[in-house]
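**Q** Before I ask anything, here is the structure I am working with.
The values are calculated or read from the model by the stated rules, or taken from the named source; none is laboratory data. Keep in mind the model is a prediction, meaning the values are calculated, not measured. Here Cβ is always computed from backbone atoms with ideal geometry, including for glycine, and neighbour counts include all displayed protein chains.
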Amino acid sequence: MTESTYGVIGMSCGHCASFVTEEIERIPGVTAVAIDVDSGRVSVTSDRDLSLTTVRAAVEEAGYELAATAPPARPGMDVGSSPVSGVLSPSAGGGPPRQAAGS
């Protein structure tokens with residue numbers, strides 16, 4: 001099993017997190033996604049290494065985008081020894097996911 005940790009900037013509720021969770025769970029090999037909205041962190045467990053390109057595509061489908069660093073862990077959030085792989089930040093100012101033109 002592989003666990004990667006990302007930061008999510010601008011998510012303010014569980015509804016926002018559910019969009020990211022749903023898209024990441026669609027990636028082949030992903031076995032679990034845990035998001036802590038308050039700290040802005042998401043841990044992804046998978047049975048294989050995930051490419052940033054694949055994660056980026058899933059996050060963009062949810063209306064967010066990957067960035068370079070993750071926020072520090074909050075006390076009490078168990079992220080184990082996960083590497084920091086990237087940050088997810090909203091592309092539309094923290095609102096609901098954007099829809100593609102013509103949708």
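**Q** Scan the range 19-52 residue by residue and report those that are in a helix (DSSP H, G or I), surrounded by fewer than 16 Cβ atoms within 10 Å (Cβ to Cβ) and modelled with pLDDT of 85 or more.
**A** Glu22, Glu25
**Q** Something else about it: Yes or no: Ser82 modelled with pLDDT under 85, within 13 Å of Ser4 (Cα to Cα), small (Gly, Ala, Ser) and not in a strand (DSSP E or B)? Spell out the reasoning first.
**A** Working: modelled with pLDDT under 85: yes; within 13 Å of Ser4 (Cα to Cα): yes; small (Gly, Ala, Ser): yes; not in a strand (DSSP E or B): yes.
In short, yes.
**Q** Those residues that are at pLDDT 90 or above, touching an Asp or Glu at 6+ places or on another chain (Cβ under 9 Å) and under 16 Å from Val59 (Cβ atoms), I need them from the range 1-18; list them, please.
**A** First, the residues of the range 1-18 that are at pLDDT 90 or above: 1-4, 18.
So of that shortlist, the ones also touching an Asp or Glu at 6+ places or on another chain (Cβ under 9 Å) come out as 1-2, 4.
Hit for the range 1-18 is Ser4, nothing else.
**Q** Filter the range 23-45 down to the residues that are touching a residue at least 24 places away in the same chain (Cβ under 8 Å) and within 16 Å of Arg56 (Cβ to Cβ) and list them by number.
**A** Glu23, Ile24, Arg26, Ile27, Val42, Val44
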